[in-house]
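The values are calculated or read from the model by the stated rules, or taken from the named source; none is laboratory data. Quick caveat, the model's predicted, so the values are computed rather than measured. Glycine also receives a Cβ, built like all others from the backbone with ideal geometry; neighbour counts cover every protein chain displayed. With ligands, DNA and RNA removed, areas are computed over all heavy atoms of the protein, side chains included. Shrake-Rupley method; radii C 1.70, N 1.55, O 1.52, S 1.80 Å.
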Amino acid sequence: MADDLHPGHQAKEYQSPTVVPFWPEHLLKELVVGFVAVFVLVLFAHFTPVPLGARADPGDWAFQPAPDWYFYWVQNLFDVGGYYWSVLGLTSLDWILMFALPTVGVMIFIGVPFIDRHKERRLLKRPVMLAILLFGFVFFGYFTANGVYTHKTLVAAEPMAIYTSSCATCHALGPLGNQTGVFKLPDGQYIYPPPLTNVGSILTASEIRHQLVQPEGGMPQLNLPPAALKYLVGWLTTLK
Ligand code: HEC
């Protein structure tokens, strides 16, 4: 009360050596540290550039979209969650899974410092928070790993999917595809597509590639996008 009536007294207290004024001492230090941090980032960006992926190609139907690794968990969570969501017959309520639940989750995340006002800093004294933290590690870890695995499996299955959709009507592959070895073109001409079962020991990679880019012997031009070509040729050469 007395202090309020004596502003001069207060001012004196601010000048006491234990109180560091916000400006310039505190803010100046923060600014310097901030600039140094940004400068270091700029140096990193300049000297260790992260290469960009291939250019987007709208004609590449073999492309499997994938997020950066730290977002694999989101994609996988929606994949897996979406699957069980549809199993539960909730497809018409997709907005809950895709919008409401993530929004509530993010809001809780932002709210943590306000909800949890605990002063205790030792982890073991805070079992609930520790449990949430560990759950977070397991949760994000699982969906990240599962996302990476799913993407790899999809990419590995790609050539087989292309074979089934674009080559199987003509070419046999082991027990799959056209087993008669004869194919009638729309113009009535018969062509004799050989089986691809062990094409890797008959033709080299560049010969296979050539046959796909400039087909001979009645095989149609399939206009495969570059990425599909790459997967296919790589895979066909392994068929021995
Ligand atoms: C309309 C039928 C047809 C389709 C579809 C087709 N091919 Fe062919 N393909 C042929 C014929 C016919 C030949 C034989 C050409 C020859 O005798 O010179 C052939 C030859 C080949 C050869 C050379 C095989 C060898 O042993 O000489 C390869 C490799 C091949 N095709 C791959 C493919 C792939 C991969 C696809 C799918 C992306 C495909 N073909 C789709 C008809 C077809």
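The table for this structure:
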item	result
Enumeration of residues in the range 207-217 that are more than 9 Å from the ligand (Cβ to nearest atom) and of a type in the set (A, V, I, L, M)	V213
Residue within the range 187-206 that is more than 10 Å from the ligand (Cβ to nearest atom), without any contact (Cβ under 8 Å) to a residue 12 or more places away in the chain, of a type outside the set (S, T, Y) and within 27 Å of F63 (Cα to Cα) present	no
Subset of the range 175-209 [open to solvent by 60 Å² or more (accessible area, probe 1.4 Å) and more than 18 Å from Y163 (Cβ to Cβ)]	K184, P186, D187, Q189, Y190, Y192, T204, S206
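Conditions (1) within 16 Å of the ligand (Cβ to nearest atom); (2) over 30 Å from Q75 (Cα atoms); (3) open to solvent by 40 Å² or more (accessible area, probe 1.4 Å); (4) part of a loop (DSSP other than H, G, I, E, B), marked per residue:
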position: F143; (1), (2), (3), (4): no, no, no, no
position: Y149; (1), (2), (3), (4): no, no, yes, no
position: T153; (1), (2), (3), (4): no, no, yes, no
position: T164; (1), (2), (3), (4): yes, no, yes, no
